[in-house]
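The values are calculated or read from the model by the stated rules, or taken from the named source; none is laboratory data. Computed from a predicted model, the values in this text were never measured in an experiment. Virtual Cβ from ideal backbone geometry, glycine too; neighbours counted across all protein chains shown.
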Amino acid sequence: MSILNKTKLSGTDNSINIEINGVEETIELGALIGPLLRPGDVVALVGRLGAGKTYLTKGIAEGLGIDGRKLVTSPSYVLINQYEGNIPIYHFDAYRLKSPGEMYDIDCVEYFEGDGISIVEWADKVMECMPEAFIEISFRITNQTSREITVTYKGERYRSFIKRLKEKVKCLK
């Protein structure tokens with residue numbers, strides 16, 4: 001049985017709000033999201049330090065057949081990590097960047113337009129670098145272990161993504 005079956009679910013036509021409790025549920029949510037992503041997708045992660053952005057990325061990697069718990073780490077000091085799987089993952093961390101220009105300096109556009117999935121932690125610091133269409137996942141800390149995660153999108157490319165995510169999460173209820 002899924003541990004996400006206890007989550008609270010709400011949202012609008014173009015968003016979904018999911019209340020989760022703990023690291024395992026964060027990873028499990030990522031594992032649900034991973035298989036829904038396609039080459040060229042861009043995911044912007046927004047939330048305070050310790051909100052669970054890297055754990056969600058671990059789950060996304062697992063959902064794509066990568067040993068996320070073992071291989072995925074925060075790329076704060078190297079700015080980008082690459083994980084090879086069925087679809088490559090380009091994992092950016094903008095936390096230490098002083099300006100959006102530094103994001104462009106690491107050729108983010110080339111990655112965003114490439115054959116992999118780009119995941120950007122601290123995307124709110126480099127929002128002007130994000131492509132016209134992307135998935136945004138925001139984390140709000142509600143207590144020591146609980147989070148409210150809001151998944152939304154910009155651009156019609158992701159309308160079917162949010163619909164499929166809602167269907168997957170509702171199936172767990």
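See the values below:
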{"quantity": "Pairs, first without any contact (Cβ under 8 Å) to a residue 60 or more places away in the chain and surrounded by 15 or more Cβ atoms within 10 Å (Cβ to Cβ) in region 147-173, second part of a helix (DSSP H, G or I) and of a type in the set (Phe, Trp, Tyr), C-beta under 8 Å, six or more apart", "calculated": "none"}
{"quantity": "Residue that is assigned to a loop (DSSP other than H, G, I, E, B), touching a helix residue (DSSP H, G or I) at 6+ places or on another chain (Cβ under 8 Å) and at negative phi, where the choices are Leu29, Leu49, Leu97, Leu56", "calculated": "Leu97"}
{"quantity": "Complete set of residues in region 59-94 that are surrounded by fewer than 18 Cβ atoms within 10 Å (Cβ to Cβ), touching a helix residue (DSSP H, G or I) at 6+ places or on another chain (Cβ under 6 Å) and not small (Gly, Ala, Ser)", "calculated": "Arg69"}
{"quantity": "Residues being within 17 Å of Ala44 (Cβ to Cβ), of a type in the set (Val, Ile, Thr) and not in a strand (DSSP E or B) - total across region 122-172", "calculated": "2"}
{"quantity": "Cross-chain or 6+ apart pairs with Cβ under 6 Å, region 73-89 first and assigned to a strand (DSSP E or B), then modelled with pLDDT under 70", "calculated": "Asn81/Pro75"}
{"quantity": "Region 117-137: number of residues that are crowded, with 20+ Cβ neighbours inside 10 Å and either without any contact (Cβ under 8 Å) to a residue 12 or more places away in the chain or of a type outside the set (Phe, Trp, Tyr) (or both)", "calculated": "13"}
{"quantity": "In region 100-121, the residues that are part of a loop (DSSP other than H, G, I, E, B) and either hydroxyl-bearing (Ser, Thr, Tyr) or at pLDDT 95 or above (or both)", "calculated": "Gly116"}
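Matching residues to (1) modelled with pLDDT under 95; (2) under 21 Å from Gly155 (Cβ atoms):
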position: Ser10; (1), (2): yes, no
position: Ser15; (1), (2): yes, yes
position: Glu19; (1), (2): yes, no
position: Gly22; (1), (2): yes, no
position: Glu28; (1), (2): yes, no
position: Leu45; (1), (2): no, yes
position: Gly52; (1), (2): yes, no
position: Pro75; (1), (2): yes, no
